[in-house]
Every structure is written in C-alpha cells, then in structure tokens.
1. Counting only residues that are open to solvent by 20 Å² or more (accessible area, probe 1.4 Å) and among the polar types (S, T, N, Q), which one in region A:497-510 is nearest to A:ASP134 (Cα to Cα)?
2. Please go through (1) touching a His at 6+ places or on another chain (Cβ under 9 Å); (2) crowded, with 22+ Cβ neighbours inside 10 Å for A:VAL412 and return the number of the only condition it doesn't satisfy.
3. What about A:SER366, is it open to solvent by 10 Å² or more (accessible area, probe 1.4 Å), free of Cβ contacts under 8 Å to residues at least 24 places away in the same chain and on the phi < 0 side of the Ramachandran plot?
4. Considering every residue within region A:412-433, establish whether at least one is away from chain B (no Cβ under 14 Å), in contact with a Lys or Arg (Cβ under 7 Å, 6 or more places away or on another chain) and assigned to a strand (DSSP E or B).
5. Of the residues A:ARG46, A:ARG22, A:ARG61, A:ARG66, which is open to solvent by 50 Å² or more (accessible area, probe 1.4 Å) and at pLDDT 80 or above?
6. When residues of region A:266-283 are filtered for being open to solvent by 10 Å² or more (accessible area, probe 1.4 Å) and in contact with a Lys or Arg (Cβ under 9 Å, 6 or more places away or on another chain), how many remain?
7. Could you please find all residues in region B:19-54 being open to solvent by less than 30 Å² (accessible area, probe 1.4 Å), out of contact with any Lys or Arg (no Cβ under 7 Å at 6 or more places or on another chain), modelled with pLDDT under 80 and among the hydroxyl-bearing types (Ser, Thr, Tyr)?
Amino acid sequence: MGGGENTGCPIQPDPLVIRFLRTFKEVLKFVLFSYTVLFGALLLARWTTYFMVGKTALPTRGSTARVRGPSPSPSPSPLQTLPESAHHGTGGGSSEVQWCFSQVKGAIDDDVAEADIISTVEFNDSGELLATGDKGGRVVIFQQEPESKTQPQCRGEYNVYSTFQSHEPEFDSLKSLEIEEKINKIRWLPQKNAAQFLLSTNDKTVKLWKISERDKRPEGYNLKEEDGRCRDFNAITALRVPVFRPMDLMVEASPRRVFSNAHTYLINSISVNSDCETYLSADDLRVNLWNLEINDRSFNIVDIKPANMEELTEVITAAEFHPNQCNTFVYSSSKGTVRLCDMRASALCDNHAKLFEEPEDPNSRSFFSEIISSISDVKFSHSGRYMMTRDYLSVKIWDLNMEARPVETYQVHEYLRSKLCSLYENDCIFDKFECCWNGNDSVVMTGSYNNFFRMFDRGYRQDVTLEASRENSKPRAVLKPRKVSTGGKRKKDEITVDSLDFSKKIIHTAWHPLDNIIAVATTNNLYIFQEKGN
Amino acid sequence: MFPKGTKRKFSDPGEEPASSGDHAPPSSAVARTLSSSYSLQRQSLLDMSLIKLQLCHMLVEPNLCRSVLIANTVRQIQEEMTQDGTWQIMTQALAAAQCPPDRLVATEVLCRQADAAAQSPKPPSVAGLEEGYSSEEVVMEGDVETEVTMSTLSAAPPQLSSASYLAGPFVMGPCWQEEEEDGECEEDEEDSEECVSEGEEGDQDPLSADSRTGEQVFGTFEIKHPAPPPDPVLDELFSDVDPSYYDLDTVLTGMQSAPKMGPYDLLESLSSHGPTALSSSASCRSDLNELDHIMEIIVGS
C-alpha cells in the first residue's frame with residue numbers, strides 16, 4: 001500500500017484513485033455500520049411493542065418497515081391478513097370499550113301500541129341529532145345536550161327536539177290497498193345552513209323535511225297588536241320599526257318537497273348522494289334517481305323487473321350511494337348478491353360494474369339456503385373502501401376491490417341454523433336486520449333476537465353480545481356481555497336457544513358518527529348506550 | 001341440492017320440523033307408504049310454503065320479497081321432487097285415484113307442527129289453520145299471474161287418511177285442492193283428476209283455475225260451496241279481484257299459455273272460463289255459481 005510518493009514506478013496506481021478508494025471504503029463501512037444500528041433499533045422497537053400490546057394480534061397496518069439486512073424480519077406475523085381468523089379474546093367488550101346504559105325512550109309498559117313501533121333510527125352527520133321513525137308515520141328527533149362542565153366524561157343526553165307527523169296513511173283506490181304510513185327510512189342531509197334537512201320515506205312517497213329553529217320573533221308592528229288584532233288606525237300617532245325579540249325556542253318542521261308516484265313497489269331504501277344534490281330511492285324492482293330540488297321527475301337507473309313476472313326470482317333489498325364517489329352506488333338482492341354500478345357508464349345501470357357474491361358452501365345447502373342468504377342491509381364504510389352486508393345469520397365485510405368473497409365474515413347467531421324450519425314457520429326468517437359501522441370503521445354492530453345486539457371488533461377480532469332491556473336500565477349501569485349456550489351444558493348466566501324470545505328483536509341500530517354512542521331500537525323503545533367514561 | 005338417491009338423515013338439524021316425531025299416529029299409514037322421512041319433511045315444508053303464499057294480509061300490499069323467496073323455495077322443492085321421481089308418482093296416483101275429500105296428512109302434520117311449535121309466536125298462516133279461516137284471498141303481487149286463490153283452512157275434523165296423502169300433495173293441480181281440505185273437484189273440462197268431494201268440511205271456496213293438463217304442476221282451485229258461503233267472504237274475494245293490481249298480461253298469459261311447470265301456476269288466475277272472467281267480477285260471480293252448481297251435482301250433496 002504505498003502512498004503516492006513513488007512516482008517512478010508505472011505500476012503504482014494514481015494517488016488520487018487510492019485516496020478515493022480509501023475514502024469510499026470508509027464510507028461503505030460507515031453505511032454498513034449505520035444500517036446495522038438502524039436495524040437493531042427497529043428490532044428493539046418491535047419487540048418492545050410486541051410485549052406491550054400483549055400477545056394478541058398486532059395492529060395490521062404495517063408496523064415495521066421492510067428492512068434489508070443480514071437477518072430476516074422477526075416472525076410475529078406483522079402483516080396479518082384479514083380473512084377470518086378465530087377470534088381470540090377474553091370475551092369482554094370489543095377491545096377495551098365497555099358500554100353502559102344512558103337513556104331509554106318510549107313507553108314503559110309492555111303494551112305496545114302498534115303505532116309506536118320504531119321502524120328506523122338514524123344519527124345525523126355530526127351526531128348531535130338522532131331521528132327515529134315509527135309505524136304511525138311520526139318522526140321524533142332527539143338533540144344531544146352540550147356536554148356539561150361538571151361531568152366532562154359524560155356525554156350529553158338526548159332530549160326530544162322535534163316531533164312531527166311525516167306521513168299519513170293513504171289508500172290506493174286503484175289497487176284497493178292501504179299504503180302504510182310507516183316510516184321505512186330516514187336519511188339526513190349534510191348541514192349547509194342553520195336549518196336541518198332530512199328525507200323520510202314510507203312505502204311509496206319520499207318527503208324532504210326542513211327542521212328549523214326559531215328563537216326570535218318580530219315585535220312592534222304598526223298595524224296590528226301583538227296578539228294579531230288590528231290596531232285602531234286613528235290611535236296610531238307614530239311609526240315604529242319592528243324589532244326582533246327573543247322568545248322560547250320553537251322547532252318547526254315543514255315539508256319542503258314531496259316525491260311521490262315514482263314507485264310501483266314498496267320503497268325499501270333511500271340514500272343521499274355525496275354531491276348533496278341527488279338521492280336514490282329503491283323499491284323491490286327498481287332504483288330511481290332524484291334531484292332534491294325537483295320533485296316531479298325522477299330517473300330510473302336500475303330496473304330488474306322481468307318482462308314476464310312469472311320469471312321473477314330476485315328482488316332488490318337495499319341500495320346505497322358510495323360515501324365519496326358520487327357516481328357509484330350498490331344494490332343488494334334477495335339472492336345474496338351485491339351489484340356495484342357506475343352511473344357514468346350508462347343511463348340505465350342494469351349492467352353492473354362489479355358483482356359481489358360469495359359462492360355457496362355446498363355442504364351447508366338446505367332448502368333455506370336461499371332465504372338466509374338474502375341480504376337485508378348493505379352499508380358502506382365511512383372510508384368508502386369497504387362495504388358490509390347483513391344476511392340472516394351473518395355479517396360480511398367486503399373490500400370493494402375484491403368481488404370473489406368477503407374479507408371478513410362474522411356469525412351473528414349461528415345457533416339459529418338448526419332452527420331454520422321453525423323460524424320459517426313463524427316468519428322470523430324474513431326479518432330484515434340492519435347493521436352499522438362505527439365512526440372509524442373498526443367495529444360493526446347488528447341486532448339479533450331476545451333484544452340482543454352484537455358488536456364485532458374488526459381489529460381485535462373480538463365480539464360481544466349485549467342486551468337492551470329494562471333490567472339493565474340503571475343510569476350508567478355497565479352492560480354485561482350475554483352469551484347463548486349452544487352446547488348441551490348451560491353455564492350460569494347463559495341463555496339457551498330455546499328460551500330466546502323471538503318476538504323481541506332488534507332490527508334497527510345506529511352508531512354516532514364521531515363518538516362511542518349507540519342507539520338501539522327494540523320494539524317500541526329506543527335505548528341509548530355510551531362508552532363508559534373513565 | 002341433494003344428489004339423487006341420497007337419503008338425508010332423519011335427524012338432519014337443518015330441516016327437521018318442530019315435531020317430526022309426532023307424525024306417527026295419524027300418519028302411520030302414510031309413513032308406511034313413504035319410507036323416507038325426508039320426503040315427509042320436504043312435503044310438509046312445501047305445504048307450509050304454499051300456505052304462506054296463499055295467506056297474505058290483504059289490506060296492505062303483500063311483501064314481494066317474502067313472496068319471491070317462498071316461491072323460490074317451492075320451486076326448489078318441486079325441482080327436487082321432479083328429480084326424485086316422486087313427482088310423477090304423485091301425478092299418476094292422483095290421476096288414477098278418486099280423491100277422497102280427506103285432508104292431507106301433510107296438512108295435519110302441518111297443523112301438528114303448529115301445535116308443537118307453539119313456543120314461538122304462531123305464524124299467522126298456521127294460526128289460520130287453527131282458526132279455520134274460511135277464505136282468504138291471496139293476490140300475489142304482480143309476480144304471479146295468479147291471483148285470487150282461496151285457501152280455506154279450517155280446523156276440520158281430522159279425516160286424514162292415507163290415500164289422500166299421495167293424492168294430496170299440493171303440487172299437482174288437483175292435489176292442491178286436497179290441501180285445502182276437501183278433495184278437489186275440478187271442472188269438467190279439466191283433466192281427469194276429478195275428485196269427488198264428499199262431506200266437505202268447513203267452508204271452502206277454493207278458486208278454481210285452469211289445470212289444463214296433468215303436467216301442470218300447480219293446480220287450480222275450484223269454488224266449492226258446500227254450504228252457502230258467507231257473503232262477506234265472497235265480497236272480500238271479489239273486492240280484491242282487480243285486474244290492474246297485477247300485470248294483466250301475465251294474467252292473460254297464465255290463462256292462455258300452455259301449461260308449464262312453474263311454481264306460479266299454482267296460484268292461477270281466476271277461472272278457466274277465459275280471460276274475460278278477470279275483467280268483471282260479475283261474470284266471475286256467475287261463473288262461480290255455475291261451478292258451484294256443477295259441483296253440487298257431481299257431489300250429489
């Protein structure tokens with residue numbers, strides 16, 4: 001390794017080259033050293049996290065970056081695939097959330113008036129308002145009280161804000177049939193100004209309601225008294241300008257638009273588009289697109305009515321717009337398929353862009369297979385990447401990019417599979433359960449029988465069964481998880497399948513979009529539960 | 001679907017009716033006839049489905065989704081029975097036999113199931129069985145060309161006898177009427193499945209429709225008036241006959257089309273006298289009276 005001092009010998013390499021190579025070697029050593037340090041640090045961080053979180057599943061979103069290094073990554077499967085894995089959990093609440101009772105609305109006695117049966121529940125976009133529709137055509141809106149300073153952990157209570165009669169019973173003379181006034185769905189519009197708008201629908205007619213507050217009124221008219229009587233003109237000596245004075249808050253609901261006569265069959269869904277200008281309404285065989293401003297015209301975008309009604313084998317059961325893409329919507333069918341359609345492709349979206357269908361398991365085929373595969377509800381996640389479907393026995397989560405099968409499947413009440421015949425007999429098999437996402441799409445919830453409802457935590461792979469009952473209705477009482485015993489032995493506190501009350505079912509559930517507050521509707525009561533504050 | 005020839009285990013949890021064990025006493029004769037309990041269960045499921053299809057609450061529009069699902073189930077069972085060959089057996093037996101006006105074993109089994117399944121809220125259809133609705137109309141919401149069919153399910157005295165079982169299964173046109181309790185009686189111009197109904201029980205006003213051929217899977221109903229039917233019943237019957245309620249063309253095609261095996265044929269249109277019957281209830285009424293008269297002559301009651 002001679003330096004460059006000997007210039008005589010031609011074999012000596014150029015001193016500059018040597019110096020360069022030396023420097024380069026140093027640089028490489030340094031690089032190698034720093035990579036090793038980095039790698040070691042990452043390993044250390046990973047192990048620390050692993051032990052801290054516990055032996056349960058690690059969060060799936062990549063926690064370790066790919067590291068090129070002499071040794072491979074450690075194996076506690078950092079990238080867990082989503083497809084169903086046996087949920088291992090303590091059986092407690094989903095992750096660490098515990099639910100406690102907050103409020104119950106509705107009559108206490110067991111005598112249920114038919115008109116009071118709740119038929120839909122929906123939070124608005126901020127969660128401040130909660131709307132319920134009932135079988136008597138009324139809409140009741142609850143407003144959340146602002147959080148009190150004294151109890152910051154306790155979220156505000158929901159109190160009645162407005163009640164109005166949305167739909168009246170009608171009689172279709174042409175067919176000699178009554179049109180029920182039962183509110184099938186309520187959907188809130190995103191708030192644009194001080195007033196709130198919602199769409200409510202019964203079997204045939206959709207109405208746009210404006211709910212506005214009035215807390216000031218003008219006083220000091222020149223020509224009439226405060227109570228409306230005309231003033232004596234001769235007594236008027238001076239003019240005054242009316243002024244607004246505060247008054248008791250009054251909430252008014254006024255119908256702004258009535259969208260009628262567009263559906264031959266019974267409307268089962270409405271969905272507001274993300275463009276806030278249009279919405280869709282779906283009945284058993286058709287889906288119509290409306291403009292919120294125009295109530296005498298609608299576009300038919302899906303029509304699955306066969307030319308020969310004898311060949312009808314499939315009906316539409318639910319439809320929804322994508323939360324972000326205003327050209328995309330999905331509709332589900334009674335055969336267990338979901339079709340995603342793009343309105344840009346053609347005016348009539350009979351040809352789907354995507355078809356989501358899980359192939360049937362040939363082993364579990366029975367005469368009821370088709371009936372229990374019928375999808376009763378479909379909901380997009382808030383992110384718009386996933387979609388959830390509810391059929392009779394399970395909840396499935398689909399990735400919009402994969403049509404072949406759902407990415408997750410959760411069994412809601414698998415113990416009913418052996419009872420399908422009796423459930424068919426008493427028509428319970430046709431119950432259309434709804435499902436909902438929580439605000440960050442990590443937990444999904446759906447209802448079941450015996451006033452049970454189930455929550456499935458997608459990240460932690462845990463599920464819990466809770467009950468909405470009067471017995472658990474003490475303020476801030478923590479809900480105890482319930483269990484249905486499927487085997488022969490019944491443990492304490494478990495309930496057997498045969499003692500389930502199938503007349504008490506929870507069909508409608510809603511989750512606050514931003515917070516852990518849920519609204520669960522039993523037959524005529526609305527239960528509000530919230531997360532236990534620490 | 002179950003491959004041909006495979007017998008389901010008796011204790012298959014998927015489909016065992018609630019009280020499958022109780023079938024023994026009244027149906028012992030029948031059970032001997034049909035060796036497979038699976039067939040019995042399938043049969044009862046089919047009967048139950050048909051009853052569900054028939055009994056709809058008429059004040060409000062019937063639920064199309066539910067009707068379609070039930071109809072698909074019926075069709076599925078029918079296909080399976082066709083594969084099994086039981087279908088043909090039943091058709092032949094039916095054609096050959098004089099159908100006694102006895103109620104189907106299966107129907108009684110169904111009632112029995114209803115009794116046994118009392119822990120759950122009774123389905124309206126089964127309750128109907130128990131309470132003996134005299135007539136209910138069902139209009140299949142446009143999806144079936146059918147319309148008004150009467151199902152009379154009266155909790156009649158259990159005269160189920162074995163012979164009726166084979167003849168019974170609703171599926172054959174006339175069989176369907178057996179389901180309705182008293183044997184069936186059909187019009188002369190219909191096929192040979194003449195059933196003499198003696199001692200019809202309860203009020204029955206099944207509406208007869210056309211069962212052109214024996215192939216026609218689901219049959220038609222006839223109007224029988226064993227006793228003068230209560231007027232409100234008839235009024236109710238005709239008040240719902242409303243051509244505009246379902247697609248007229250499907251009704252017409254149902255009336256005139258060649259018989260084909262379709263579950264919707266089961267609940268067929270009003271009368272075999274032609275499409276005009278649909279358009280006016282008055283003519284229906286006269287047709288019914290005519291039928292009634294004919295039946296009475298046949299029955300000799």
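1. A:SER503
2. Only one criterion is unmet by A:VAL412, namely (1).
3. Spelling it out, it is not the case that A:SER366 is open to solvent by 10 Å² or more (accessible area, probe 1.4 Å), free of Cβ contacts under 8 Å to residues at least 24 places away in the same chain and on the phi < 0 side of the Ramachandran plot.
4. no
5. A:ARG22
6. 4
7. Matches in region B:19-54: B:SER20, B:SER27.
Residues are listed down the side, and each one gets a yes or a no for (1) surrounded by fewer than 19 Cβ atoms within 10 Å (Cβ to Cβ); (2) hydroxyl-bearing (Ser, Thr, Tyr); (3) farther than 19 Å from A:ILE372 by Cβ:
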{"site": "A:LEU423", "(1), (2), (3)": "no, no, no"}
{"site": "A:ASN438", "(1), (2), (3)": "no, no, yes"}
{"site": "A:ARG454", "(1), (2), (3)": "no, no, no"}
{"site": "A:ARG458", "(1), (2), (3)": "no, no, yes"}
{"site": "A:GLU471", "(1), (2), (3)": "yes, no, yes"}
{"site": "A:ARG476", "(1), (2), (3)": "yes, no, yes"}
{"site": "A:LEU479", "(1), (2), (3)": "no, no, yes"}
{"site": "A:LYS491", "(1), (2), (3)": "yes, no, yes"}
{"site": "A:ILE495", "(1), (2), (3)": "yes, no, yes"}
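The values are calculated or read from the model by the stated rules, or taken from the named source; none is laboratory data. In this text, all values refer to a predicted model and were calculated from it rather than measured experimentally. Positions of Cβ are backbone-derived with ideal geometry, glycine not excepted, and every protein chain shown enters the neighbour counts. Accessible surface areas use protein heavy atoms only, side chains included; no ligands, DNA or RNA. Shrake-Rupley method; radii C 1.70, N 1.55, O 1.52, S 1.80 Å.
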